[in-house]
């Protein structure tokens, strides 16, 4: 009898193992139904063994097959298997059919519960866990047997016979069959993954030993040229096979006949037979190489454009607005060294906080900046004007800002000069048109006023007549200045020395300063002769000196200096006045612009006109401690040659 129990449990293990193996190759759509039939037939076969215990009472290990049916296939499989085996038990297997059918149904449900809770659980993969489950199954089985045998008054005798076999064989069989299930499931799962990688994955995979390829992926087999080159990549026929046993990962590159670039990442492993093999993932990097080459060329092109651009170019990090790179033009224009700029913010090298905040807000709002005008401050503090444009760029996966700055200081100066000249031309046209018509009646009025003032009848009004005549003379002087601005004929220039003109003006200028209780000093350097019109230069010097004297308090000092700087003669007139407000500097030289109570606004306009006719430039430096007018006269080439000689 006990021998029959062992045979029965072995048959259960073999048949259930066979079904487990078959299950992994079945179409998942119909596997539950097929498994149900197969487990039902296995249970019928197990029941048909008819291991007799007492009288016509039979026992077997159907509880294991039904548990496996519910565990592997779920409710559908369990129902089909239970239905087949219950019908057989009821119609063909003698007495005790209710106990046998209850056994089938209970363990089918038990298997369903185990499957739902333990198939994906880590506990399901532990040996001791299934041994405990087997003991529980034996207890449930013995409970069912004792419950139905109480009705037949043979409970104790039956339990005494079957308890030991069931308590020993059920845990052992359960442990073996369930661990076999997880082992075969994991093995076939890994095989399925490998099969999917080989046949369906886009990965180019090859596994080979020291003599030949073992497995080649489907995608790799479709590329015959690649395969040919792969075989030449690995020294399969080389007598020296030591490289293949190394555990160090390797990377090899090859080039195919059609000039495609391949790279293989290799790793070796030991097969079950003890031999070493290699697995290699092969990638076609031709397109990536080409893109990298294009990117390299683009970077080089950008670097050249960036460094040799005619405008100032800078790159700053978006995160903290610190300089990452600047080009040569930026360093030349601003006067910095490269190391003095990198890592600094724009405000740290001269940009005002107000302008930086304005530009930052525009950039955050619009994502770029287009032609924003701002100040341009050099390392040495001189200011100019620039326009800034900025765009986002990516550099090494870091968000940055590319800034292009164009120095428009000279252009702004030229625009100011053109506007001033336009105003001068307008004044000239106006004065040329009306000066003659106004002067004639003024001359007549002045003559009659002089005659009336000499008559005895009007002696009492003589002071009034004199006042009227002085006002007419003042008006005539204004017209004269108009006419000097309107003068369109070429100024007659002669070679003469600027110091001689200053010497001739010295007594007049000294008298003016003396009457105002102010001082004037001359510092005359050695200068070459220039092409000058002495009358116009005298008028320009008188205008500038008298403006300087009027701007100073008593006991102030005014300095007139002449010298040579480079290829220019510089005449500087420096006062100790209160300076010119910054907002008025760009307006100087505009006709009728004046800050004096009784000025006409034509003195500086005339001076600019005279400087222009002599191809000279006027530069102004003003602060709260005084103002310096510098007139820069170009030295003729003839005189330059003599100075060099």
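The values are calculated or read from the model by the stated rules, or taken from the named source; none is laboratory data. Predicted model, so just to flag it, every value in this text is computed and none were measured. Note: ideal-geometry Cβ built from the backbone for every residue, glycine included; neighbour counts use all protein chains shown.
See the values below:
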{"item": "Residue list for segment 293-317, filter: over 30 Å from residue 261 (Cβ atoms) and loosely packed, with under 13 Cβ neighbours inside 10 Å", "result": "308, 310"}
{"item": "Residue within segment 62-84 that is touching a helix residue (DSSP H, G or I) at 6+ places or on another chain (Cβ under 6 Å), under 23 Å from residue 139 (Cβ atoms) and at pLDDT below 80 present", "result": "no"}
{"item": "Residues of segment 509-535 that turn out to be in contact with a helix residue (DSSP H, G or I) (Cβ under 9 Å, 6 or more places away or on another chain) and within 14 Å of residue 546 (Cα to Cα), as a count", "result": "7"}
{"item": "Positions within segment 552-573 being out of contact with any strand residue (DSSP E or B) (no Cβ under 6 Å at 6 or more places or on another chain) and either surrounded by fewer than 17 Cβ atoms within 10 Å (Cβ to Cβ) or outside the structural domain of residue 500 (by TED's automatic domain parsing) (or both), in sequence order", "result": "553, 554, 555, 564, 565, 566, 567"}
{"item": "Long-range neighbours under 9 Å by Cβ, at least six apart or interchain, first residue on the phi > 0 side of the Ramachandran plot within segment 321-339, second assigned to a strand (DSSP E or B) and modelled with pLDDT of 90 or more", "result": "321/401"}
{"item": "Members of segment 614-632 that are outside any loop (DSSP other than H, G, I, E, B) and surrounded by fewer than 16 Cβ atoms within 10 Å (Cβ to Cβ)", "result": "619, 620, 621, 623"}
{"item": "Filter result for the condition that a residue is assigned by TED's automatic domain parsing to the domain that holds residue 327, at pLDDT below 90 and buried (at least 16 other Cβ atoms within 10 Å of the Cβ), over 416, 385, 378", "result": "385"}
{"item": "Flag for residue 626 being at pLDDT 90 or above and under 56 Å from the mean Cα position of the chain (by Cα)", "result": "yes"}
{"item": "Those residues of segment 491-508 which are under 18 Å from residue 548 (Cβ atoms) and in contact (Cβ under 8 Å) with a residue 12 or more places away in the chain, in sequence order", "result": "498, 501, 502, 505, 506, 508"}
{"item": "Matching residues, segment 333-355, being exposed (fewer than 14 other Cβ atoms within 10 Å of the Cβ) and either within 20 Å of residue 302 (Cα to Cα) or in contact with a strand residue (DSSP E or B) (Cβ under 7 Å, 6 or more places away or on another chain) (or both)", "result": "338, 342, 343, 352"}
{"item": "Contacts under 6 angstrom Cβ, first residue in segment 396-422 being at negative phi, partner assigned to a helix (DSSP H, G or I) and surrounded by 14 or more Cβ atoms within 10 Å (Cβ to Cβ), 6 or more apart", "result": "407/333"}
{"item": "Residue match in segment 184-191 (condition: modelled with pLDDT of 75 or more and surrounded by 15 or more Cβ atoms within 10 Å (Cβ to Cβ))", "result": "yes"}
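Let's see how each residue does on (1) touching a residue at least 40 places away in the same chain (Cβ under 8 Å); (2) closer than 15 Å to residue 616 by Cβ; (3) crowded, with 16+ Cβ neighbours inside 10 Å:
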{"position": "517", "(1), (2), (3)": "no, no, no"}
{"position": "520", "(1), (2), (3)": "yes, no, yes"}
{"position": "525", "(1), (2), (3)": "no, no, no"}
{"position": "536", "(1), (2), (3)": "yes, yes, yes"}
{"position": "547", "(1), (2), (3)": "yes, no, yes"}
{"position": "550", "(1), (2), (3)": "yes, no, no"}
